[in-house]
1. Show me, for region 11-25, the HN-Hα J-couplings you get by feeding each phi into the Karplus relation (A = 6.51, B = -1.76, C = 1.60, θ = phi - 60°), rounded to Hz, glycine and proline as x.
2. Determine, for 57, 3, the number of other Cβ atoms within 10 Å of each Cβ, and report the residues in order from fewest to most.
3. Could you list which residues have their amide H under 5 Å from that of residue 15, counting only those 5 or more apart in sequence or on another chain, with H placed in the peptide plane?
Amino acid sequence: MNTKRYYFEIKESNVFDFVEAYSFFDAKARAFKQYSHFWNKIIWHDTSDPELTQDTTELQEKCARLFF
C-alpha cells in the first residue's frame with residue numbers, strides 16, 4: 001500500500017507541513033501527535049485527489065523550502 005502526502009498549515013503560527021500517510025484519517029492521526037495543541041487551527045490542503053481542482057505545485061514548493 002502506498003502512502004500519500006497530506007499538506008496542512010497553521011497560519012497564525014506560520015507553520016506549513018505535511019505528513020505521509022495511507023489515508024486522510026491516518027494523516028490526521030499522525031499530525032495530531034505533533035500538533036495537538038494547534039488542532040483546531042489546522043487547515044488541510046488535500047492534494048491526494050486524482051482530479052485536482054487547484055494547482056498544488058506552489059504548496060509543494062513552499063513546503064520543500066521549509067526543509068531544504
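1. Per residue, the Karplus-derived 3J(HN,Hα) values read 4, 5, 9, 6, 10, 9, 8, 8, 10, 9, 8, 7, 8, 5, 4 Hz.
2. Lowest count first: 57, 3.
3. 10
A short reminder: the numbers here are calculations on the coordinates, not readings from a lab. Keep in mind the model is a prediction, meaning the values are calculated, not measured. Quick reminder, even Gly has a Cβ in these numbers, built from the backbone with ideal geometry, and neighbours come from all protein chains shown.
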